[in-house]
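K.L.:
Below is a structure I'd like to ask you about.
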Amino acid sequence: MRVHAEHGYFGGYLIVNQLARPLEFHCTMPIKPSRAQSLLYGPTIDDFVCGEQIAKALVTKAKISPDLVITDSLSALAVSLVSDVLAVKLDAELPQSETSEKLCLPKSTNHELQRFRVSKYDFVALANSSVTETRLTQILDQLSANFEITEPFQRVTEALLEAHPIARAA
Amino acid sequence: MKPFTRIGDHGLNEQHAQGWAGIEFADYPRLAIHSDRLPGAVGPGTTALPVEFYATGWQGMLDRSFVVDVATQAPESLDVQVIPIRLQSKLPKTIGFTFPEASDFLPPATKLETTADKSQNRMDNVITNDDADQESKNKSKRKWTRIKPPGDLVKLEDRLYFVLQPPLESLLSSAKLEFPFEPFPYQFEGIAFLFPRELAILADEMGLGKTMQAITTVRMLLLAGQLRNVLMVCPKPLVTNWVREFKTWAPEIPVTVIEGDSVKRNWIWGQHTAPVRIANYELLMRDRAILDDPDIHFDLVILDEAQRIKNRNSTTAQIVRALPRSRSWALTGTPIENSVEDLINIFEFLQPGYLRDDMTLKAIGQATRDYILRRTKDKVLTEMPPKMFRDEELDLTPSQYDSYRSAEDDGVVQLAGMGEMLTIQHVFELVLRLKQICNFDPSTGSSCKLERLEADMEEIAASGHKAIVFSQWVETLDRIAQPLQRFGPMEYHGRVPSKKRDGVIKQFKEDPSKHLILMSYGAGSVGLNLQFCQYVFLFDRWWNPAVEDQAVNRAHRIGAAGPVTVTRMMAANTIEQRIHNVLEEKRALFNQLFADVDAPRNAGLSQQEIFGLFNLTTPRKKAA
């Protein structure tokens with residue numbers, strides 16, 4: 001998920017197999033919340049737009065149902081409130097291929113979160129989500145040994161900037 | 001509305017009470033009330049208000065204490081209006097696509113919907129099912145090399161296809177492609193550069209492994225099913241080198257060398273299923289008629305030492321440009337040997353007409369940026385052993401000096417007397433004659449260079465090292481070999497049959513008694529790996545520093561055993577020194593002007609400069 005100061009929010013969704021090979025990719029057009037939405041959702045607007053709107057649209061659009069959705073944005077976790085996917089946020093410093101003053105990660109209000117540490121990775125999920133450490137471990141154990149979970153985020157970011165070159169110019 | 005409090009004086013009429021409460025003192029100038037409390041805070045029966053009286057003598061009631069009543073009034077109720085706000089309920093629009101591999105993960109009903117676009121087979125077969133658990137999960141973090149879409153790829157879907165691929169390291173490791181040794185990061189970048197491109201020039205400096213990068217990319221593309229038949233064109237002496245490199249870097253790929261009599265060659269050209277075929281430039285000229293066959297088509301044609309087609313009108317360039325193909329790659333360490341025109345002519349093979357002669361250097365630089373990858377050792381191999389140059393200015397032996405002076409003086413007089421008949425060939429002849437004298441005196445055979453070489457070889461051999469000696473003349477190499485027999489000189493030049501050359505290199509490498517190999521620039525300056533040599537002698541100088549660089553880089557390349565010492569021999573105060581000075585001046589000038597462009601720094605001598613070596617002016621051409 002990214003938010004651009006002028007063009008609004010947009011997100012990308014890459015489904016990969018256990019070898020990190022791409023299976024499906026979707027991204028949204030940039031959207032801006034209406035004035036009414038901004039007033040009503042107040043500080044939770046990012047959670048609404050990123051989780052309930054963008055993430056839900058991406059998850060709904062994809063043909064493949066992934067075992068786990070890993071996001072780089074806390075605000076996208078709200079997708080688990082409006083869909084059945086297991087969503088966790090990778091709690092790590094990600095290689096941001098391109099950011100600027102105008103292009104950044106959306107913010108999130110402080111949800112009640114639960115934290116997990118599986119393998120060498122730290123994850124957080126919404127407190128009321130159905131993610132468990134056991135389930136998370138089962139899924140991640142299927143990944144190839146050289147699958148670096150932080151890596152595909154760079155691909156998604158690059159793809160987003162490729163699809164929305166105006167954001168790259170920011 | 002806020003409730004208000006009324007304060008009144010019990011016994012006073014309403015007007016008085018209002019006067020107190022409203023504090024309209026103008027009506028009662030003799031009564032002053034000071035309060036630091038809010039009126040509402042005053043309760044009934046309290047006299048908290050300090051009151052000061054001024055006796056007037058007539059109102060006894062003023063002695064009575066106040067009674068304060070407090071009353072609260074409710075505000076009037078308002079009608080609340082409800083305005084409905086319609087919140088956006090539609091989800092954002094998305095764009096996306098499904099990769100071919102997704103079909104394994106889709107439910108049966110949706111499998112049919114997966115479009116079989118042109119990228120279907122691109123990478124499918126590169127990866128087999130993973131059993132890469134052999135690798136430790138604790139593998140340390142490293143820099144990933146990404147495949148970036150080329151600039152001329154327009155369709156977003158095609159661009160995203162490359163952008164969304166895993167890093168090259170990940171692809172290679174899970175595809176179980178083994179390498180004799182781990183490629184350098186810049187080599188991964190070279191592979192990532194070549195992989196998505198249909199038109200490319202890999203112009204790395206000599207010794208950085210262009211061969212390995214090209215072979216590995218071909219290997220990946222063959223495995224991915226993007227290529228089926230590749231034609232590799234290289235100079236004849238390098239054919240065996242390419243075969244050897246393919247065996248090293250892609251042992252599973254069958255390689256066919258196009259050779260033999262015309263019947264055999266005809267048959268090999270017709271083998272459209274052969275994945276990799278290697279031909280040499282000279283052979284293409286002989287088989288020109290065969291290549292006109294409309295059934296012949298190559299998915300990829302790679303030109304090694306692509307500077308061979310720098311002359312646009314040469315037969316070789318014309319034949320190469322006519323090869324029917326889908327992808328065109330050129331490999332060269334010197335994309336510009338003499339002028340920018342060299343590069344323009346290489347581009348005629350890639351994309352005819354893309355570069356024009358009238359384009360400025362800056363425009364050419366911008367137009368070619370996405371097609372050329374050029375790295376130098378200084379930039380990418382910071383840990384490589386240094387290369388040290390020694391310019392040995394040697395005084396001619398007395399007999400050499402006499403011969404030289406006589407030849408030059410007579411020659412210049414002769415040239416000057418030719419007037420308009422003078423051509424560059426005449427000047428060349430004199431230069432070559434003088435350079436030969438600088439090597440060996442024709443009458444006595446004495447040589448200041450040989451004396452120095454002999455002395456240096458004593459030390460090199462004693463320390464167990466090996467050296468390469470380059471000359472432009474085979475006769476010179478023969479004359480060097482005789483007095484240096486004790487160092488076990490090997491010979492590698494045009495007179496050594498191609499079939500024996502590999503054996504020469506092998507023996508030189510493995511036999512500890514062989515400390516010296518004598519090479520001609522023509523045969524030994526390209527494609528050979530002699531990184532076990534730490535000493536290079538340029539017995540005489542080539543016209544073009546780029547060729548000298550090629551020669552030196554036989555030793556100074558990846559895997560070099562240690563620092564490489566290059567001795568450039570020059571006879572002092574002779575034509576050799578003058579040529580050297582001109583070339584150095586040009587190099588310095590170009591370095592200053594084109595530091596970023598890396599273009600004509602390797603330029604050789606122009607016709608005018610060659611005439612200038614003897615203070616001759618270029619003869620004017622007669623008007624037609």
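Just so you know, all these numbers are worked out from the coordinates, no wet-lab data involved. From a predicted model like this one, the values you see are computed outputs, not experimental measurements. When we count neighbours, we look across all protein chains shown, and the Cβ atoms used for this are built from the backbone with ideal geometry, even at glycine.
K.L.:
Would you work out if segment B:365-410 is rounded, prolate or oblate? Take a ≥ b ≥ c from the square roots of the eigenvalues of the alpha-carbon gyration tensor; rounded if a/c is under 1.5, else prolate when a/b is larger than b/c, oblate otherwise.
P.N.:
oblate
K.L.:
Turning to a different aspect of this structure: Rounded to the nearest 20 Debye, what is the dipole magnitude of segment B:357-410 about its Cα centre when Lys and Arg each give +1 and Asp and Glu each give -1 at the C-beta?
P.N.:
Magnitude of the dipole: close to 800 debye.
K.L.:
A follow-up question, please. Using a 10 Å cut-off on Cβ to Cβ distances, tally the other chain neighbours for every residue of A:146-153 and report the average as a whole number.
P.N.:
Other-chain Cβ atoms within 10 Å of each residue's Cβ, averaged: 5.
K.L.:
I want to check the label-to-label distance for residue B:354 and residue A:91. Put each point 7 Å from Cα in the C-beta direction and report it in nm to one decimal.
P.N.:
5.1
K.L.:
Stretched out fully, how many nm does the piece from residue B:78 to residue B:376 gain, at 0.36 nm a residue minus the Cα gap?
P.N.:
99.1 nm
K.L.:
Output the peptides B:383-396, B:297-310 sorted from most to least packed, where packing is the average of other Cβ atoms within 10 Å over each peptide's residues.
P.N.:
Answer by packing, highest mean first, reads B:297-310, B:383-396.
K.L.:
If a/c stays under 1.5 just call it rounded; otherwise compare a/b with b/c (prolate if a/b is bigger, oblate if not). Do that for chain A, with a ≥ b ≥ c from the square roots of the Cα gyration tensor eigenvalues.
P.N.:
oblate
K.L.:
Using r as the Cβ-Cβ distance of residue B:236 and residue B:402, and R0 as 51 Å, what FRET efficiency do you calculate, to the nearest 0.05?
P.N.:
For R0 = 51 Å, the calculated efficiency reads 0.75.
K.L.:
Of the listed peptides B:494-504, B:204-214, what is their order by residue-averaged count of other C-beta atoms within 10 Å, with the highest listed first?
P.N.:
Ranked by mean Cβ neighbours within 10 Å, highest first: B:204-214, B:494-504.
K.L.:
For chain A, what is the calculated [θ] at 222 nm in deg cm²/dmol (nearest 500), taking -39500 (n - 2.57) for each run of four or more DSSP H residues and dividing by its residue count?
P.N.:
-6500 deg cm²/dmol
K.L.:
So, with +1 on the Cβ of K and R and -1 on the Cβ of D and E, and no other charges, what is the size of the charge dipole of segment B:465-576 about its Cα centre, to the nearest 20 debye?
P.N.:
Here the size comes out at about 320 debye.
K.L.:
Determine the shielding of peptide A:2-12 by partner chains: average, over its residues, the number of Cβ atoms on other chains within 10 angstrom of each Cβ.
P.N.:
1
K.L.:
Still on this structure: Here is the link list: B:176/B:247; B:210/B:362; A:61/A:107; A:63/B:155. Which ones come out longer than 19 Å on Cα distance?
P.N.:
B:210/B:362; A:61/A:107; A:63/B:155
K.L.:
Next up: Per residue of B:74-87, count partner chain C-beta atoms within 10 Å of its C-beta, then hand back the mean as an integer.
P.N.:
1
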